[in-house]
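Read through the structure below, which is laid out as structure tokens, and then see the notes.
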Amino acid sequence: MNTDTQLTGLRSLLVLAVSIFSILALAACEPEANESEDSESADNDMPNIVIFYVDDLGYGDVGSYGAIGIETPNIDRLAAGGVRFTDAHSTAATCTPSRYSLLTGKHGFRLEADILDGDAPLLIRPGTPTLPSMLKDAGYATGVVGKWHLGLGNGDVDWNGDISPGPLDIGFDYAFLLPATGDRVPTVYVENREVVDLDPSDPIAISYSGKVGERPTGYEDPDLLRFAADLQHSDTIVNGVSRIGHMGGGESTLWVDEEFPEVFTAKAVQFIRQNQNQPFFLFRSFHDIHVPRLPHPRFEGASTMGPRGDAIAQVDWMVGEVVAELETLGIADNTLLIFTSDNGPVLDDGYTDQSVTLLGKHKPWGLFRGGKYSAYEAGTRVPTIVYWPSSVRTTVSDALVSQIDLYASLAALLQQKVSDGEAIDSRNQLDVWLGRNETGREYLLEESVGTLSLRKGGWKYILPFDGRSGLEWVADDKDIEGGFVMAPQLFDLDSDIGEQINVAVQHPELVSELDVEARRIVTETYR
Ligand code: NG6
Ligand code: CA
């Protein structure tokens with residue numbers, strides 16, 4: 001597959017969507033009432049909030065969701081004592097738009113939020129209301145530890161100076177970041193506004209358009225690699241692994257992937273300890289189980305699946321460490337933990353790391369079709385657990401929920417007003433998130449690479465899209481009409497949870513109804 005052409009295709013679709021949006025935004029839209037405005041507010045005692053955001057973790061990738069060949073006792077403990085959702089979604093099947101939506105309560109396509117390069121500018125502009133800024137207004141200390149991938153600076157970021165704007169300019173008090181992805185340069189940590197351990201006599205240079213610096217690359221010196229990579233991932237070699245993009249200088253700043261669990265856990269624990277006497281929000285965002293998968297050697301063999309499974313064991317350990325710290329400090333009972341993933345699973349995402357050959361009977365996508373990037377359910381249906389000993393109802397919930405609603409739901413919990421224009425796609429679903437109500441969303445929009453899908457009732461509708469740009473794999477080439485346009489797809493999830501039988505032809509009226517509705521959501525503002 002060719003990501004450049006995939007992304008070009010996605011861009012055209014999104015440009016189209018955004019233009020329709022701009023035109024229709026001029027026409028006055030009827031504001032729509034928020035759903036379930038009447039959540040109980042008995043728990044307004046300002047719990048600490050921790051979001052564990054795993055990268056590329058599939059629906060079936062943890063024990064309590066049916067994993068085979070890997071145990072996740074710490075995560076399963078949260079599931080057993082909390083709400084385990086079976087129909088919870090990230091807003092998109094890729095990282096950047098999902099993270100954008102989680103933090104702003106707006107769909108990524110409203111901003112053309114593509115997968116970002118490692119030197120991209122900050123996507124969320126200062127002044128935009130965000131989940132952390134809303135929580136900060138409510139009196140919380142706010143921190144982010146781990147993967148960012150929402151851009152930094154204004155497009156000409158100087159990695160040797162003050163890196164801003166960044167998370168500190170959009171609501172976080174503290175940030176310790178892996179700036180983009182594990183497979184993209186710069187392979188450094190950024191703490192607040194600075195690269196950690198920088199030696200000014202060895203400045204960092206970053207380029208996504210040609211070689212900079214003296215470091216070997218995968219395309220020049222493949223013999224230096226610990227594992228083979230595709231061409232996209234064959235630029236600068238750091239820690240024996242070639243990455244996307246070029247990096248020169250900054251030798252003292254380079255991370256060692258195997259040290260991530262200790263490094264990030266220490267920073268998370270430090271943030272919790274420092275803020276234990278006041279309400280805090282920690283966005284604990286993991287690099288795992290994204291590529292390159294280089295878990296610490298002590299997790300080697302923890303699963304039967306090689307590095308991908310071992311990385312899941314590593315996530316479980318990191319979750320356990322934070323929970324243990326909360327317990328030691330005596331604040332676990334009043335901490336709301338949310339465990340989930342930014343998009344569905346992928347096996348080979350650029351590196352030959354045995355994820356395919358050692359998979360065995362394990363099904364990262366659970367019962368569902370597709371995975372990361374894809375319009376099918378496994379693209380966005382992700383393991384999701386809410387744990388808050390003092391306040392959730394322990395249950396397995398089949399409610400349809402979306403991460404985009406966490407903004408308005410947490411605002412409702414804290415009795416924070418969500419203003420017009422703020423978090424426009426976010427709905428208060430607090431009772432559902434706390435396991436007290438199973439009604440869930442009436443509809444849900446899923447964003448994938450190249451198209452959008454609408455879930456409504458038992459139906460799943462995938463908007464037709466241009467298949468010419470190599471996007472077939474997003475939604476299966478058997479449905480290409482005339483080799484160019486992907487036909488509309490409709491699945492009856494009540495009888496066909498695996499999205500195997502496209503019934504669009506049998507239900508033309510429903511197809512046009514859902515099509516109109518999906519486009520209306522794209523083009524409408526609610527508040
Ligand atoms: C893609 C990369 C993939 C991964 C992804 C981002 C190629 C061919 N693929 O462009 O390896 O880095 O971006 O993943 O370059 S995400 O989970 O952060 O969205
Ligand atoms: Ca991801």
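The values are calculated or read from the model by the stated rules, or taken from the named source; none is laboratory data. Predicted model, so just to flag it, every value in this text is computed and none were measured. Glycine also receives a Cβ, built like all others from the backbone with ideal geometry; neighbour counts cover every protein chain displayed. Remember, those area values only see protein heavy atoms, side chains included, never the ligands or the DNA or RNA. Shrake-Rupley method; radii C 1.70, N 1.55, O 1.52, S 1.80 Å.
Conditions tested, residue by residue: (1) surrounded by fewer than 24 Cβ atoms within 10 Å (Cβ to Cβ); (2) closer than 17 Å to residue 181 by Cβ; (3) touching a residue at least 40 places away in the same chain (Cβ under 8 Å); (4) in contact with a Phe, Trp or Tyr (Cβ under 6 Å, 6 or more places away or on another chain).
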residue	(1), (2), (3), (4)
220	yes, no, no, no
224	yes, no, no, no
228	yes, no, yes, no
242	no, yes, no, no
256	yes, yes, no, no
275	yes, no, yes, no
*asked:* Quick check on the stretch 426-435. Is at least one of its residues in contact (Cβ under 8 Å) with a residue 24 or more places away in the chain, in a loop (DSSP other than H, G, I, E, B), surrounded by 23 or more Cβ atoms within 10 Å (Cβ to Cβ) and charged (D, E, K, R)?
replied: yes
*For the stretch 307-325, which residues satisfy the criterion of being more than 16 Å from ligand 1 (Cβ to nearest atom) and either open to solvent by less than 30 Å² (accessible area, probe 1.4 Å) or within 22 Å of residue 102 (Cα to Cα) (or both)?*
309, 310, 313, 314, 316, 318, 319, 320, 322, 323, 325
*Are any residues in the stretch 70-110 open to solvent by 30 Å² or more (accessible area, probe 1.4 Å) and either within 16 Å of ligand 1 (Cβ to nearest atom) or farther than 30 Å from residue 424 by Cβ (or both), and if so, which ones?*
71, 73, 74, 76, 77, 80
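Quick one: in the stretch 262-271, of everything that is out of contact with any Gly (no Cβ under 6 Å at 6 or more places or on another chain) and in contact (Cβ under 8 Å) with a residue 60 or more places away in the chain, which residue is surrounded by the fewest Cβ atoms within 10 Å (Cβ to Cβ)? First the steps, then the outcome.
So in the stretch 262-271, the residues out of contact with any Gly (no Cβ under 6 Å at 6 or more places or on another chain) come out as 262-263, 265-270.
Imposing the further condition that a residue be in contact (Cβ under 8 Å) with a residue 60 or more places away in the chain reduces the set to 263, 267-268.
Values: 263: 18, 267: 22, 268: 24.
In this case the residue turns out to be 263.
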*Qualifying positions in the stretch 190-218 - acidic (Asp, Glu), surrounded by 13 or more Cβ atoms within 10 Å (Cβ to Cβ) and more than 25 Å from residue 115 (Cβ to Cβ)*: 194, 197, 199, 202
*Considering only the stretch 368-407, how many residues are under 17 Å from residue 91 (Cα atoms), surrounded by fewer than 24 Cβ atoms within 10 Å (Cβ to Cβ) and out of contact with any Asp or Glu (no Cβ under 8 Å at 6 or more places or on another chain)?*
1
*On the given criteria, is residue 208 away from ligand 1 (no atom under 16 Å from the Cβ), at pLDDT 95 or above and within 21 Å of residue 95 (Cα to Cα)?*
no
*Out of the stretch 88-115, which residues are away from ligand 2 (no atom under 12 Å from the Cβ) and more than 22 Å from residue 49 (Cα to Cα)?*
107, 108, 109, 110, 111, 112, 113, 114
_Out of the residues in the stretch 499-525 meeting the condition of being in contact with a helix residue (DSSP H, G or I) (Cβ under 9 Å, 6 or more places away or on another chain) and charged (D, E, K, R), tell me which one is least open to solvent (accessible area, probe 1.4 Å)._
499
_Tell me whether the stretch 140-155 contains one or more residues that are surrounded by fewer than 22 Cβ atoms within 10 Å (Cβ to Cβ), in contact (Cβ under 8 Å) with a residue 40 or more places away in the chain and in contact with a Gly (Cβ under 9 Å, 6 or more places away or on another chain)._
no
*Do we find a residue being surrounded by 24 or more Cβ atoms within 10 Å (Cβ to Cβ), in a loop (DSSP other than H, G, I, E, B) and in contact (Cβ under 8 Å) with a residue 12 or more places away in the chain anywhere in the stretch 352-360?*
yes
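Between 335, 328, 340, which is open to solvent by less than 10 Å² (accessible area, probe 1.4 Å), of a type in the set (Ser, Thr, Tyr), within 21 Å of residue 270 (Cβ to Cβ) and in the same structural domain as residue 53 (by TED's automatic domain parsing)?
Just one listed residue meets the conditions, 335.
Among the residues of the stretch 176-209, write down those that are assigned to a loop (DSSP other than H, G, I, E, B) and either under 16 Å from residue 232 (Cβ atoms) or hydroxyl-bearing (Ser, Thr, Tyr) (or both). Please lay out each step first, then the result.
Keep residues of the stretch 176-209 that are assigned to a loop (DSSP other than H, G, I, E, B), which gives 179-183, 185-187, 189, 192-193, 196-204, 208-209.
180, 181, 182, 183, 185, 187, 189, 201, 208, 209 - these are the residues of the stretch 176-209 that are assigned to a loop (DSSP other than H, G, I, E, B) and either under 16 Å from residue 232 (Cβ atoms) or hydroxyl-bearing (Ser, Thr, Tyr) (or both).
For the stretch 493-527, what are the residues that are aliphatic (A, V, I, L, M) and touching a strand residue (DSSP E or B) at 6+ places or on another chain (Cβ under 8 Å)? Lay out the reasoning, then the answer.
Residues of the stretch 493-527 that are aliphatic (A, V, I, L, M), as a first pass: 493, 497, 501, 503-505, 510-511, 514, 516, 518, 521-522.
Residues satisfying the conditions are 493, 501, 503, 504, 510, 511, 514, 518, 521, 522.
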